[in-house]
Every structure is written in structure tokens, then in C-alpha cells.
1. For the stretch 324-352, which residues satisfy the criterion of being surrounded by 15 or more Cβ atoms within 10 Å (Cβ to Cβ) and closer than 13 Å to residue 313 by Cα?
2. So if I check each of 226, 239, 259, 288, which one is under 30 Å from residue 174 (Cβ atoms) and free of Cβ contacts under 8 Å to residues at least 24 places away in the same chain?
3. List the number of the failed condition for residue 398; all other conditions in (1) surrounded by 19 or more Cβ atoms within 10 Å (Cβ to Cβ); (2) closer than 28 Å to residue 268 by Cβ hold.
4. Which residues, taken from the stretch 35-74, are in a helix (DSSP H, G or I), modelled with pLDDT under 85 and among the hydrophobic types (A, V, I, L, M, F, W, C)?
5. Give the number of residues within the stretch 401-424 that are out of contact with any helix residue (DSSP H, G or I) (no Cβ under 9 Å at 6 or more places or on another chain) and over 20 Å from residue 314 (Cβ atoms).
6. Taking residue 381 as meeting all but one of (1) under 24 Å from residue 426 (Cα atoms); (2) touching a Leu at 6+ places or on another chain (Cβ under 7 Å); (3) at pLDDT 95 or above, write down the number of the exception.
7. Pairs needed: first member in the stretch 190-202, under 13 Å from residue 10 (Cβ atoms); second member anywhere, of a type in the set (A, V, I, L, M) and surrounded by fewer than 22 Cβ atoms within 10 Å (Cβ to Cβ); C-beta distance under 6 Å; at least 6 residues apart or different chains.
8. Please specify each residue of the stretch 243-260 satisfying the condition of being small (Gly, Ala, Ser) and at pLDDT below 85.
Amino acid sequence: MPVRPGTGRFLVLACVFVCAACGLVYELELVAFASYLIGDTVTQASVVLSVMVFAMGIGSLGAKRLRRHTAVGFGAVETLLALVGGCSAMALYAVFAWTGGWGGLWAEGPRCLLVAFSLAIGLLIGAEVPLLMELIQRIRRQDAPTAVADLFAADYVGALVGGLAFPFVLLPFFGQLTGALLTGTVNLVAGGALVLGLFRRDLTRRARWSLLLVGLTVLGVLASAAALSADFERAARRAVYGTDVRVAVQTGVQEVVLAGGTDGRPLDLYLDGRLRVGGQDARRYHEALVHPALTGPHARVLILGGGDGLAAREVLRRPGVRRVDIVELDAKLVRLARSDPGLAAANGHVYADPRIHLTIADALGWLRTAPGASYDVVIADLPDPGITASTKLYSEEFYGLTRRVLAPGGRLVVHAGSVTTRPRVFWTVA
């Protein structure tokens, strides 16, 4: 070893820590992207995690064949994992954007690619631990229980850090595409540094140069993809949403995309890839949602969701409305509703009306502390019940809390989707 055994063990365990963090980020990246592109978070998470855990077992078995060439085998695994994991989000988005809407066989393209990436990443992650176990034993022989305990302690702590880094650092500050590419880069640098630095004497001259050149090539691919990610996202969004995309922001709660809405073009509002306001039909949706509920006392109105201001616009069109409370989770969506020229024009600049009172909060949590019998009408302008994160807003607890805040004879209106195209969602709400 070029360093003392204690230092060598520390470096191997540090590499275990980094690899575990990167591996969990890859898993979470696939789950997040699949939920966003395909929907139904529970199903996508179950598919990704079950396929990946199965593949990890197969990868661990396959790693036994690499024991004679542990160092070069680990270097090759990390290089391939960095390439596959780092590019997985971009590849999924590309397939969804340019083939996902074609129908027929191509309609299953994103789902098939999701399974393929889960399988490939799982195989490579599974091969890491046996190879790292062999490498740490080459530094200093230990009894098996102690070595396993050290290795898995570093592995689990790394997984914790990766699991927390994804939602709180990578996603908000780098986005899904650049975050995955950055994770692949970190993975490659950590694995390459360990093999080419600490275990370089285990490699032949040819193996050292091969790993170095391939690693630099993969690093170049990841860096190029990161440099082009903004252009790629714009092109993919145009393929998904059309050529009129003006605004695309990740708010921390959801992705908000605005298309059209200026120069006489109809406005389209997409939340997490799902159309919420559709061009010429936008008024029809909110008129149908709001006005039937206002055929009675409606001096005090509560809107749950509806941060775009479009439901509030319809409420304020009715005489006799004295106060409208809006409870919206996404502050950045409200900011767009105030400032974006297309969306502000569509909602009639409702946030300038003194009758509007805004609260940024989760609807269910806010209802738990709201005063009873406070509202004549409650309008639940909430995300589709087919989205797993929204199911609590269609639960018995939600309806019970809503009933508590309604005045005697008050009315609740709920978005339930189409009875013809999505009958299961509709009748679940009913």
C-alpha cells in the first residue's frame, strides 16, 4: 500500500460512503422521474425499488467472478455505474418527450426504459459491496463480522446522506438532470481515485491506462451532457408541451410550465406535466367547478388549492362575495399568478382585490386548526386524485374537516375528473 493500513481502510470506507450515497440518489432519481413522467408514485416506487433490490442480489453473485481482478473490476463497475446512473434521467426524459406520446408500442417506452435502468443500476450497485469487501481485506485481514460491520456502517450512513441530499440539495439547486449528472461525476471520481491511487499496484500498466482513458471519456460525456442540459430541457419541453413554452420552473413543490398566454395565444398551465388550464377551455373548467356551488349563500368562500387564481376569478364575478380565503401550498405558483403577464391576465389580477386573503399552507393541516362553521362554500381546486401525493386531499378525514368549517347549509365542490375517461378515479371520489 502507498499509505499506512489505517489510512487505507479509512479511504476504502470513505469510498463505500460516497458510493452508497450516489447509489441511493440514482434510485430516488428514477422514482421521482417516473412519478413525474408516468404518474402513480406508489407503483413507480414499487417497480424501481423491487427491480433494483432483485438486481443487487444478482450483481453480488456476479461479482464473485471478478475476485481475481478485484481492483480493475471495481474500477470498471464504478465507471459504468457513473455513466448509466448519471445519464438515466436524461435518457428517460428523452424517451418520454420524443416517443411517449406516439401511442402503441412506443407509449410503453418510458416504462420499459425505467425497468431497464433499475435493473442495470441495481446490478452494478450489487457488485460494489463484495468487491469493496475484498479490497478492504487486502489492506488488513479482519474477521468477517468486523469487516462486514465496518463496511455496512459506512454504506448505511452514506445512504442516509444521499437520501437527504436528493430532495434538499440536488433537486432544488441543480434540478433532476444536472443533479443526476453531478452524482455520476462524484461516483466516478471517488471510484477512480480509490483504484488508481490506493490500489494502482494491483493493476497492470495496460489496465491503469485503460481505466484512466475510459474514465476520462465518461467524465467528458457527463460534463458535456451537463453543459447541454439546459438546451436539452428546452427542446424536450417543446416536444412535450409545444413550441409556446414561456416559463418552466421547479418550485420545490412541483414543476410549473406556462405555454402561450401572450400575443393573443391561449394559455396552457401544466403542473408536474399534467394540464391544469387548457387554452380555450380554461374558463369552462373553472366555471363548472365554481358557479354551481355558489347557488346559495356565498358571502364567505374558502378555496383549497387554486393558487393560479382562476377559481378565485370566477368567485369574484358573483355579487355578494365578501371574503375569499385561498389556502395554497406552492408560494412560487402564487408569485407567478401575481406577476406573469399571461397568468395574471387570465385570473383577472385577483390578488389585487382586497377581498382575497392568501395563506401558504398544506390544505389538510390548515383545516385541522381552522375555526368551525366559518364558510358558506368550500372549493377544492386540488391536484388530480390519481396522483398519490394528493390522495389525502380526497380522504374521509379531509371531508370530515371540511364539513366542520362549513356553516349550516354550506356547500363543498370537489374536482373529480372525467367519468368517461377515468371512471375509477371519478367513482372513488364519489
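The values are calculated or read from the model by the stated rules, or taken from the named source; none is laboratory data. This structure is a prediction, so every number in the text was calculated from the model and none was measured. Ideal geometry is used to build each Cβ from the backbone, glycine not excepted, and the neighbour counts take in all protein chains shown.
1. Correct list: 324, 325, 326, 337, 338, 343, 344, 346, 347, 348, 350, 351.
2. Selected residue: 259, the only one of 226, 239, 259, 288 that is under 30 Å from residue 174 (Cβ atoms) and free of Cβ contacts under 8 Å to residues at least 24 places away in the same chain.
3. For residue 398, the failing item is (2).
4. Hits for the stretch 35-74 are 37, 42.
5. Restricting attention to the stretch 401-424, the residues satisfying the condition of being out of contact with any helix residue (DSSP H, G or I) (no Cβ under 9 Å at 6 or more places or on another chain) are 403, 406-409, 421-424.
If we keep only those that are over 20 Å from residue 314 (Cβ atoms) too, we end up with 403, 407-409, 421-424.
Residues in the stretch 401-424 being out of contact with any helix residue (DSSP H, G or I) (no Cβ under 9 Å at 6 or more places or on another chain) and over 20 Å from residue 314 (Cβ atoms): 8 in total.
6. Single failed check for residue 381: (3).
7. That search, which allows pairs on different chains as well, returns 198/11.
8. So the first thing to find is which residues in the stretch 243-260 are small (Gly, Ala, Ser), and the list is 248, 252, 259-260.
252 - this is the single residue of the stretch 243-260 that is small (Gly, Ala, Ser) and at pLDDT below 85.
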